[in-house]
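Peer 1: Below are the structure tokens for one structure; questions will follow.
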Amino acid sequence: MKSTLIYRFLFGIVLCFTLYVLAYAKPLADEKQKKAIIGFYNVENLFDTIDDPLKDDNEFTPDSAKKWNSSRYDRKIQMLSEVIASMGSGSYPAILGLCEVENIAVLRDLTANEQVRKAKYEPVLIEGPDQRGIDVALLYSKKQFKMISSNSYRVNLGDADRPTRDILHVRGKLKGGGPTIHVFVNHWPSRYGGAEKSEPKRIAAAQVLAAKTDSIHQLYPDEAIICMGDFNDYPDNRSLTEFLPTG
């Protein structure tokens, strides 16, 4: 019997997220299982103030044109924390994907903020090849989710001068019940140079994602897959309609 494939596209102006859900065979939850909030947030250049000689992060230092100092950084952490705390209307997201994150240290600062400290978030970030040093990441609440493993996948664009972000893959289980979940956090190449000219780059990312999700579905048909991120494309663009599985 062929498994049912469910797609959902959720777009939020305030949270700036795109959530693309693939649920194979079993639903993420039934009426007897505790519901959990799962989301994605583009935190838009969450950089610390320290110059990293291995990254092109000079735009975010105290001496830069942005005057990116400790006061501005602390204010950004505070504001991001307030948004995350408000996502669940009294409860924190169990799983929250992020993009445009510089390093694990800024995530430690974010999760230590008083607004979200009670969630007991654990950050996951694997450094990728992006020249500016921005990566995708994931926060999971240790109260609500148990991580089994984490990995990342390289998207080869054939352009060594402008490598793109890796795709982050986290596998685990919600403590409220339900199947094992595979979460893929994406930040696909931008539309720099024009949507049509840059489209092959996003298609390349889609092909990597499709290969990984298809492999998981073949090996673990009863496990759920969630793909989230900033895809830099719309639901009707070819990267999503033609190069990701449709059922």
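Peer 1: Specify the residue that is nearest to the chain's Cα centre (by Cα); the eligible residues are those in segment 101-143 that are surrounded by fewer than 22 Cβ atoms within 10 Å (Cβ to Cβ) and of a type in the set (S, T, N, Q).
Peer 2: Within segment 101-143, the match that is nearest to the chain's Cα centre (by Cα) is Asn103.
Peer 1: Could you list all residues from segment 215-232 that are open to solvent by 20 Å² or more (accessible area, probe 1.4 Å) and either within 18 Å of Val185 (Cα to Cα) or part of a loop (DSSP other than H, G, I, E, B) (or both)? Before you say what the answer is, go through the steps one by one.
Peer 2: Step one: filter segment 215-232 for residues open to solvent by 20 Å² or more (accessible area, probe 1.4 Å), giving 215, 217-223, 230, 232.
Listed by number, the residues that qualify are Ser215, His217, Tyr220, Pro221, Asp222, Glu223, Asp230, Asn232.
Peer 1: For Lys66, work out the one condition from (1) surrounded by 16 or more Cβ atoms within 10 Å (Cβ to Cβ); (2) in contact with a helix residue (DSSP H, G or I) (Cβ under 9 Å, 6 or more places away or on another chain) it doesn't fulfil.
Peer 2: Of everything listed in (1) surrounded by 16 or more Cβ atoms within 10 Å (Cβ to Cβ); (2) in contact with a helix residue (DSSP H, G or I) (Cβ under 9 Å, 6 or more places away or on another chain), Lys66 misses just condition (1).
Peer 1: Turning to a different aspect of this structure: For Leu80, state whether it is under 14 Å from the mean Cα position of the chain (by Cα) and either in a strand (DSSP E or B) or surrounded by 19 or more Cβ atoms within 10 Å (Cβ to Cβ) (or both). It would help to see each step written out before you state the result.
Peer 2: Values: under 14 Å from the mean Cα position of the chain (by Cα): no; either in a strand (DSSP E or B) or surrounded by 19 or more Cβ atoms within 10 Å (Cβ to Cβ) (or both): yes.
No, not satisfied.
Peer 1: Quick one: in segment 34-55, of everything that is open to solvent by 20 Å² or more (accessible area, probe 1.4 Å) and touching a Ser or Thr at 6+ places or on another chain (Cβ under 8 Å), which residue is nearest to Pro179 (Cα to Cα)?
Peer 2: Ile37
Peer 1: Can you pull out every residue in segment 167-205 that is more than 25 Å from Tyr140 (Cβ to Cβ), in contact with a helix residue (DSSP H, G or I) (Cβ under 8 Å, 6 or more places away or on another chain) and of a type in the set (A, V, I, L, M)? Working first, answer last.
Peer 2: Within segment 167-205, the first condition is being more than 25 Å from Tyr140 (Cβ to Cβ), and the residues that meet it are 189-204.
Then keep just the ones that are in contact with a helix residue (DSSP H, G or I) (Cβ under 8 Å, 6 or more places away or on another chain); that gives 189-192, 199, 202-203.
Once the filter is applied, which keeps residues that are more than 25 Å from Tyr140 (Cβ to Cβ), in contact with a helix residue (DSSP H, G or I) (Cβ under 8 Å, 6 or more places away or on another chain) and of a type in the set (A, V, I, L, M), segment 167-205 yields only Ile203.
Peer 1: Being open to solvent by less than 50 Å² (accessible area, probe 1.4 Å) and more than 17 Å from the chain's Cα centre (by Cα) is the filter here; which residues of segment 149-198 pass it?
Peer 2: Leu157, Pro163, Leu174, Gly176, Gly177, Gly178, Pro179, Thr180, Gly194, Ala195, Ser198
The values are calculated or read from the model by the stated rules, or taken from the named source; none is laboratory data. Worth saying up front: this structure is predicted, and the values here are computed from it rather than measured. Every residue, glycine as well, gets a Cβ built from its backbone with ideal geometry; the counts of neighbours run over all protein chains shown. Remember, those area values only see protein heavy atoms, side chains included, never the ligands or the DNA or RNA. Shrake-Rupley method; radii C 1.70, N 1.55, O 1.52, S 1.80 Å.
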